[in-house]
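A quick write-up on the structure given underneath.
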Amino acid sequence: MPLTVAADLQALVDRVAEEMAGQTDRGKVADYIPGLARVDPKHFGIAITTHDGKMYSAGDAEMNFSIQSISKVFALTIALGKVGDALWKRVGREPSGNAFNSIVQLEAEHGIPRNPFINAGAIVISDVVLAGHEPREAIGEILRFMREVAGDDGITIDDEVARGEAETGFRNTALANYMRAFGNIEHPVEQVLGVYFHQCALAMNCKQLAKAGRYLMLEGQHPETGFNVVSPMRARRINALMMLCGHYDGSGEFAFRVGIPGKSGVGGGILCVVPGIASIAVWSPGLNDRGNSTLGSLALERIAVATGWSVFNQREPG
Ligand code: GLU
């Protein structure tokens, strides 16, 4: 049964953080840019915020990390707000079964990426967010959105990480150019990628990220303002996409082991949404061979087992 006693959840995150501290297989930290390569693999943080507004955290829950691909969830939310379901003409919603930065499906599928969470899909989303803006304004819009949903004006973008992304983003540049050739990118590629690289470079901690996920737990509603960030239907669909496509080509394994909609990033963060119950952020920078946080995935598996929060459990929330 889902835990109802506050003390249980705090005891649980404390226990999981302690168990993670003793793990020797921590995976490998992403090393394609210095801003990520220098992060100490020893870190582990977790924060859970529940539907009643409580926060439970342990470990390095207040230490900033690069949210990377987790930003794709929020950029998708913004893009849907701009163009609505017309977005699905330009991006699919099927798992790709390929690596996050793969180009192979794009040719056969005429420049329409499989889903919004592989890089090609996220780059199309950046193109949508950019419409009617200068790149700087679009980046500002994403940052303001993150601050708004997290209820925290302290969130920033790490410029060094954004620069590193741009300096090494040969594959992303190829993806964007390729899709532009198919007519699925409307703005100059450098501008679109400028937006994409900056959103990837958002620096947040677990507490902020868990709070940012609240609207997806609460059927689209912002708990502080009471306004809907998205409709209940849209929140449900974003959660569905996270379940099916949120962990690159390790999404099936994550659903199998954890069973909670989640989105990971190569910075080692994972945001998980338990609809109606909790928003969870974990961070540990070492990655497994699919590019997902090794300890983050393990910690979430233990949380899911202890709480019964897998969405594949058919029990009434307590
Ligand atoms: N900025 C990274 C890239 O586009 C994102 C990687 C990720 O977190 O999946 O290569």
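Coordinate-derived values only; no laboratory data. From a predicted model like this one, the values you see are computed outputs, not experimental measurements. Note: ideal-geometry Cβ built from the backbone for every residue, glycine included; neighbour counts use all protein chains shown.
Quick notes
- If the condition is being closer than 19 Å to Pro135 by Cα, part of a loop (DSSP other than H, G, I, E, B) and either touching a residue at least 40 places away in the same chain (Cβ under 8 Å) or within 13 Å of the ligand (Cβ to nearest atom) (or both), then segment 166-211 contributes Gly169, Asn184, Ile185, Glu186, His187, Ala201.
- Residue match in segment 222-236 (condition: more than 14 Å from the ligand (Cβ to nearest atom), part of a loop (DSSP other than H, G, I, E, B) and under 16 Å from the mean Cα position of the chain (by Cα)): no
- Checking Val91, Val16 one by one, the residue that is among the β-branched types (Val, Ile, Thr), under 24 Å from Gly250 (Cβ atoms) and touching a strand residue (DSSP E or B) at 6+ places or on another chain (Cβ under 8 Å) is Val16 and no other.
- Scope segment 252-287; condition farther than 15 Å from Ala47 by Cα, touching a Cys at 6+ places or on another chain (Cβ under 6 Å) and within 16 Å of the ligand (Cβ to nearest atom); matching residues: none
- Answer residue from segment 50-71, given it is within 16 Å of the ligand (Cβ to nearest atom) and assigned to a loop (DSSP other than H, G, I, E, B) and is surrounded by the most Cβ atoms within 10 Å (Cβ to Cβ) among those: Ile67
- Extreme residue, surrounded by the fewest Cβ atoms within 10 Å (Cβ to Cβ), among residues of segment 271-296 that are in contact with a His (Cβ under 8 Å, 6 or more places away or on another chain) and not in a loop (DSSP other than H, G, I, E, B): Ala278
- Selected residue (only one of Arg147, Arg163, Arg93, Arg136 is out of contact with any Lys or Arg (no Cβ under 6 Å at 6 or more places or on another chain), closer than 26 Å to Asp289 by Cα and either away from the ligand (no atom under 16 Å from the Cβ) or in a loop (DSSP other than H, G, I, E, B) (or both)): Arg93
- Segment 46-92, residues that are more than 30 Å from Arg180 (Cα to Cα) and without any contact (Cβ under 8 Å) to a residue 40 or more places away in the chain: Asp52
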